[in-house]
Amino acid sequence: MKGLELARNYYETYGKKLIDAVEPALFHRAAFGLCGEGSQCFGYDDIFSQDHDFAPGFCIWLSDADFAAYGQALQQAYDNLPDTFLGFSTQNILATDRLGVMPISRFYQRFTGSPTGPATLLDWLMTPEAQLASATNGAIFHDEDGAFTAVRNRLLAFYPEDVLRKKIAARAAIMAQAGQYNLLRLIKRGDAVAVTLALARFTEATISMVHLLNRRYTPFYKWGFYSLKTLPRLADTAAPLLAEAAKLPAHLSKSSAPQCHDLAFDLTEKLCALVASELRAQGFSQTPDNFLQNHLGDIMAGIKDPQLSAMHPMVDCPN
């Protein structure tokens with residue numbers, strides 16, 4: 001059973017009864033669901049995920065006023081729900097702050113730094129993608145009032161155009177620098193550790209780029225590739241190439257440097273060609289070649305905000 005299914009079943013069995021025991025009218029103002037941190041919130045959980053924090057439970061989100069009035073009593077009622085459900089136990093929960101009763105404002109403050117999400121373009125730029133992914137994953141089981149879902153929908157509308165261009169430019173720069181240039185030089189040098197670092201940087205930037213071109217936030221790094229494989233654009237071609245690229249450090253120890261270099265060149269060029277083609281298709285760039293560094297001018301030229309335009313292209317990709 002998946003964690004989201006378990007959470008929904010637990011909510012459908014006990015959620016309404018829980019509210020009725022404290023304040024029945026609250027059901028029309030509260031939101032219920034499961035989203036936030038944890039693989040089960042993304043739907044990426046499997047048998048290996050059940051070693052910790054896989055347990056029956058759900059979130060109850062309240063306005064600040066309702067939380068002040070009813071939060072303590074509602075949390076006490078929630079804590080008194082059955083410890084076991086469908087063969088799973090709440091004793092498996094380690095991160096106790098991810099479930100139960102919380103203000104809507106606190107939930108979004110935790111992930112975005114603001115009770116209503118990023119306010120300025122700079123806020124949007126500097127809020128980590130993984131945090132935005134966690135704030136918008138999972139499922140909402142009930143939100144009659146709509147206050148929780150209103151913020152969620154604003155975040156799901158994705159980055160403002162200027163921020164999207166800034167981030168795409170940064171990923172293009174990293175893919176060119178780490179993959180199309182440095183990775184190949186490092187293979188020639190036979191520096192296996194540096195090859196691994198360059199490959200990791202290229203892979204991470206590629207995964208983020210594919211998410212950006214799909215208007216989806218990249219989750220926490222260990223789920224990034226899993227998430228990429230679910231995307232409608234580029235995933236069917238990019239995922240197999242990235243899987244092959246992950247084998248490059250092993251090839252370096254078994255093959256000659258020229259052979260490994262040629263393989264790395266082929267894989268990185270194919271991936272960058274895919275991205276370059278999509279950049280042109282979506283109107284971010286009209287640069288005809290596949291060296292992604294050469295696309296930065298077109299991408300950045302579309303940024304209208306003078307502050308963002310003046311910033312270094314890799315401002316949100318620290319070295």
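Quick rundown of the values:
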item: Quarter of the Cα convex hull surface for the stretch 200-272, i.e. its orientation-mean projected area (nm²); result: 4.7
item: Spin-label pair ALA310/ALA65, simplified geometry with 7 Å Cα→Cβ offset, distance in nm; result: 4.3
item: Using distinct alpha-carbon pairs, which all enter the 1/r mean, Kirkwood radius of the stretch 111-213 in Å; result: 15.7
item: Residue among LEU197, LEU296, LEU184 with the largest mean-square fluctuation in a Gaussian network model of the chain, springs linking Cα atoms under 10 Å; result: LEU197
item: Gain on full stretching of the segment that runs from ALA273 to ALA73 - 0.36 nm per residue minus C-alpha separation; result: 66.3 nm
item: Net length gained if the chain between ALA139 and GLN282 were fully extended (0.36 nm per residue, minus Cα distance); result: 48.5 nm
item: Scaled radius of gyration (Cα, divided by 2.2 N^0.38 Å) that the stretch 161-310 gives; result: 1.04
item: FRET efficiency for GLN91 and ALA157, using Cβ-Cβ distance with R0 set to 41 Å, rounded to 0.05; result: 0.55
item: The chain - Rg over Rh from alpha carbon coordinates, Kirkwood radius; result: 1.05
item: Peptides ranked, highest mean first, by Cβ atoms within 10 Å: ranges 37-43, 137-143; result: 37-43, 137-143
item: Extreme residue, positive dipole direction of the chain, given options LEU248, ILE168, PRO258 (C-beta unit charges); result: PRO258
item: Reach of LYS16 by Cα under 27 Å, taken over lysines that are not fewer than 8 positions away in the same chain; result: LYS2
item: Peptides 75-84, 108-117 ordered by average Cβ neighbours within 10 Å, highest first; result: 108-117, 75-84
item: Cross-link partners of LYS167 among lysines (Cα-Cα below 22 Å; sequence separation of 8 or more within a chain); result: LYS222, LYS229, LYS270, LYS304
item: Degrees separating the helix 147-156 axis from the principal Cα axis of the chain, which is the longest one; result: 10
item: Sorted largest first, extent of the stretch 275-319 alpha carbons per principal axis (Å); result: 27, 26, 13
item: Among TYR44, TYR217, TYR11: highest mean-square fluctuation, GNM of the chain, C-alpha pairs under 10 Å; result: TYR44
item: For the stretch 109-264: relative contact order, % (alpha-carbon pairs under 8 angstrom, 6 or more apart); result: 23
item: Relative contact order for the chain, counting Cα pairs under 8 Å that sit 6 or more residues apart, in percent; result: 18
item: Per-selection Kirkwood Rh - the stretch 3-156 (Cα, Å, 1 d.p.); result: 15.8
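Any read-out appearing in this document is the output of simple, stated calculations on the displayed coordinates, not a laboratory observation. Given the structure is predicted, the values throughout are model-derived calculations rather than measurements. Positions of Cβ are generated from backbone atoms using ideal geometry, with glycine treated the same way; all protein chains shown enter the neighbour counts.
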